[in-house]
Each structure stands twice: as C-alpha cells, then as structure tokens.
1. Looking at this structure, is R28 of a type in the set (K, R) and either under 12 Å from the mean Cα position of the chain (by Cα) or in a helix (DSSP H, G or I) (or both)?
2. Checking A64 against (1) touching a residue at least 12 places away in the same chain (Cβ under 8 Å); (2) out of contact with any Pro (no Cβ under 9 Å at 6 or more places or on another chain), which single condition isn't satisfied?
3. For the range 84-95, give me the residue count where each residue is under 13 Å from the mean Cα position of the chain (by Cα) and over 16 Å from D117 (Cβ atoms).
Amino acid sequence: MLLGRSTLSAAPTTGPSVGANAMSVDVRQAGACTTVVVTGRVTVDSSPHLRPVLHEAIGAAPPAGVVIDFTAARYLDTSAIATLLEAATLASTLAVPLRLIGMRGDARVVAEATELDHIFLALGYEVQFT
C-alpha cells in the first residue's frame, strides 16, 4: 500500500512554515484507486521530486488506477508538464488507468497552452479542468 507525504521546497525557508515556492505530495490509497495529491508550485526545482512518486504510484497501481489531483497546485511550469507526460506514457505502457483532475488557475493556463488535455486524451486518459 502506498501512503506517504513529502514536502519539498524550491527556496530556503525559515522556521516551521513552508515557503511560497514549496510543493508537497500526498499519496492516498482509497479502495481500488491510488490518489496522488499535489499541493503548491510544481516547477523545474520541484518536479524532479514529483517524478519518482508518480512512477511508484503507477508501478504499484491497483485495478482502478491512479488519479493525480492538482486541485491544490497553485502553479506549474513546463517541467511539470514534462513530468506529467512521462507519467502518462508510463501508465499507457503498463496499461494503468490514469486521470488528472483539478487543473485550475495558472496551472490550467499552462496545461491548456501546452495542450496537455489533448495529449492525455490521445493516450486514452482524461484531464479535468475546474
């Protein structure tokens, strides 16, 4: 069972608070589905930390597959898009159902500009914008 939490900071922080450039990832197992919840900013500094979490979740996916939840992600850049495309390619290779949900705000703008939804759809997956 995959369960975990990882908080990563792209910029140094002081004290117990997490900086404005931080990203955190929670992996939750609920029934027959794994959900990867991404919070904060996914950038060139933090996306390399998201990559192995997505690979592990997809590699150990239950029958219902993996949901990547970006509802709490404030921002993403093109390195995050590359990480998501790599995850989708891996899921396709392993025949794992995959959904990307919660794209909104600045994250949605970048996802739409790169036509992430079209690429996911071509692989047989869904991107849900909110």
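Just so it is clear, none of the values below were taken in a lab; they were calculated from the coordinates. Treat the numbers as computed from the prediction; the structure is a model and nothing was measured. Using ideal geometry, Cβ is built from the backbone for each residue, glycine included, and neighbour counts are taken over all protein chains shown.
1. On the way: of a type in the set (K, R): yes; either under 12 Å from the mean Cα position of the chain (by Cα) or in a helix (DSSP H, G or I) (or both): no.
So R28 does not fit the description; no.
2. Against the list (1) touching a residue at least 12 places away in the same chain (Cβ under 8 Å); (2) out of contact with any Pro (no Cβ under 9 Å at 6 or more places or on another chain), A64 comes up short only on (2).
3. Within the range 84-95, residues that are under 13 Å from the mean Cα position of the chain (by Cα) and over 16 Å from D117 (Cβ atoms) number 1.
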